[in-house]
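A.B. asks: Before I ask anything, let me first share the structure, which is written out below as structure tokens.
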Amino acid sequence: MSSGIPLRKSLLVRLMITSVLIALCSVAATAWLAVQTTTRAIQEEQGQVLADDTDILRQLSGYAATHPSWAGVQDTVRRLSAATGRRIALTTADRTPIADSAKSRSALPPGAAATVDPLHTDTYSEPGAQLSGVDPRAVGPYRLTPLERARLGKLATLRQKCAARNGVDTTITWTPSGRPVLSDENGILPNSSVPEVCADGQLNTLTHTEETALTRLTSLAEACLRRKDVALLEKVFISLEFSSQAPQPQFALGRKDVGGHPTAIEAKGSECVAEARREQLDPDVAPVAELFLGTGDSALPHFDMSNANKAKIVGVTGLVLALTVAVTALVATRLVRPLRALTQAAQQPLEQHVRVPVTTRDETGILALAFNELTERRERMEAQRRAMVSDIAHELRTPLTNIRGWLEVTRDGIVDPDPELLASLHEEAVLLQRVIDDLQDLAAADAGTLALHREAVRADELLAQVAAAHRVGAEAAGIGLRTGTDGTSAPRGRGTAWIDADPVRMRQALGNLVSNAIRHTPDGGTITLSAREEEDQVVLEVADTGSGIAAEDLPSVFDRFWRAEKSRSRRTGGSGLGLSIVRQLVAVHGGTVAVASELGAGSVFILRLPATDPPVDADELR
């Protein structure tokens with residue numbers, strides 16, 4: 001390849017190999033799965049679906065609910081097997097056979113499809129079963145005698161005719177116990193919907209059979225409550241609510257407590273009614289059985305690996321591989337193209353600063369944008385580096401030139417080394433040392449190695465120390481130097497603002513600002529140092545009434561070697577590093593510095609530093 005990348009390491013080749021392997025694995029797995037599952041798929045296509053299994057379970061549960069044993073269930077099993085094409089087998093819990101539709105006693109499936117227990121069912125196949133967990137067809141002792149059914153049937157017919165005369169259409173539904181109930185198009189007819197002239201109450205009156213069964217149920221429920229250590233201070237009542245499915249026992253007590261709320265034992269009472277009902281119905285239902293469902297005795301269609309089927313699989317596999325290779329080559333080529341452009345740009349010499357065209361919006365496009373931004377930052381840093389080298393050379397050349405010139409004329413005997421000359425040379429040496437010290441501070445701050453000795457510092461004391469150090473110079477220039485603090489709005493409720501800082505470095509930063517203000521403030525002007533606390537910050541301000549800074553120069557104020565005087569004259573002194581040092585010192589303290597100025601009206605330098613709590617001894621002293 002033109003880029004010199006080995007073929008085996010090419011991103012394009014690796015993507016294609018990976019895609020081919022994935023396609024091969026997927027095709028092989030799909031072919032194997034198709035062969036393994038075809039038989040079952042054919043069975044489902046022939047109608048052996050979940051609905052058949054549900055119907056089998058429903059009918060067998062109904063048989064168990066209406067018969068005290070499984071004797072005679074063999075005919076039902078065979079009929080269901082013939083209708084569904086399934087093998088149906090019933091066994092006890094220990095797999096003792098009860099009934100089996102298969103003629104040959106072959107092995108049963110490893111797990112039962114369901115448990116047939118009409119007293120504990122969670123199936124929704126029979127309406128009403130999900131309400132109580134009991135199959136509604138299990139009525140046992142609640143099944144009415146023929147005479148009772150005939151009498152209730154006549155009462156239901158009379159009530160239906162009465163309702164019809166009063167504009168209410170109803171139908172008669174017979175429950176599994178033999179009791180008729182009236183219902184309208186919305187279901188069971190509530191008593192409130194029955195005309196008053198028809199509501200004689202006779203149809204819902206319990207028969208002798210139901211009263212006998214209900215008395216037995218009450219006795220069993222009371223015994224259950226005693227087993228649960230429930231004190232029966234009131235008489236237990238159990239009522240029957242009639243529906244189209246089956247009579248549903250409802251637990252109640254002789255009375256309710258104040259306010260009509262149920263008593264504390266109502267929950268346990270409902271549990272005991274359910275237990276008593278199952279105990280009462282148990283002799284009239286078949287024992288619990290395990291239901292097994294199989295594929296039947298008949299041979300089912302089977303998918304074999306014939307030559308024609310093999311040819312189909314091979315053809316589909318080849319087509320999938322071809323499409324995979326084509327799509328992968330297309331996508332990978334589009335993916336690799338910007339990466340190659342990015343690689344070529346990165347390999348160019350630094351001075352060319354090549355940029356990469358952004359052609360996509362994916363990860364590659366983001367990488368190209370990042371590369372271009374990095375190139376722009378490198379250009380800016382290179383320009384700053386060149387400017388800084390030029391500025392440093394300029395700052396060091398002037399004092400060194402003065403020192404060398406005076407030393408040469410002194411050596412040649414042209415000028416005598418009098419005290420005034422030595423003082424001038426010393427001043428130039430001090431200026432040279434100051435520039436070097438400032439550069440060292442900036443380098444240490446940039447490298448993160450500037451040592452700080454932090455302690456809790458009072459803002460007003462810090463300003464007083466800075467003002468005292470510069471008061472003589474300010475008075476000599478005819479400038480007033482004032483300090484002031486404002487702690488009345490401190491959110492911490494303190495009268496004095498405190499900062500966690502290195503006092504020496506903070507005096508250096510504030511001192512640079514004051515010195516700069518003295519140089520640019522005319523005779524009779526004023527410099528004010530102030531401090532206040534805003535929320536969790538301490539704001540230090542150095543304001544002067546000097547010449548101010550032009551609006552277009554404000555963004556460059558804190559740049560290194562920047563001076564308000566474009567001629568770079570040293571008439572006003574300064575190396576152009578003071579404000580840069582201020583910004584670095586404030587930054588390492590976790591603060592920020594800003595400037596607001598108006599040309600001819602003065603400047604305000606604003607330092608914002610995190611506030612801190614005063615030391616304990618300081619609080620005690622106050």
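The values are calculated or read from the model by the stated rules, or taken from the named source; none is laboratory data. Everything numeric here is computed off the predicted structure, so don't read it as measured data. Positions of Cβ are generated from backbone atoms using ideal geometry, with glycine treated the same way; all protein chains shown enter the neighbour counts. Only protein heavy atoms, including side chains, enter the accessible area calculation; ligands, DNA and RNA are left aside. Shrake-Rupley method; radii C 1.70, N 1.55, O 1.52, S 1.80 Å.
A.B. asks: For the full complex of protein chains and a 1.4 angstrom probe, list Met506, Met381 by accessible area with the highest value first.
C.D. replies: The ordering from most to least exposed comes out as Met381, Met506.
A.B. asks: Can you sort Arg149, Arg608 by solvent-accessible area, 1.4 Å probe, largest first?
C.D. replies: Output order, biggest surface exposure first: Arg149, Arg608.
A.B. asks: Then there is this: May I ask for the net charge around Cys198, where only other residues with Cβ less than 14 Å from the Cβ of Cys198 are counted and Lys, Arg are +1 while Asp, Glu are -1? Let's see the in-between values first.
C.D. replies: Working: positive: Arg159, Lys161, Arg165; negative: Asp169, Asp184, Glu196, Asp200.
Surrounding charge for Cys198 is -1.
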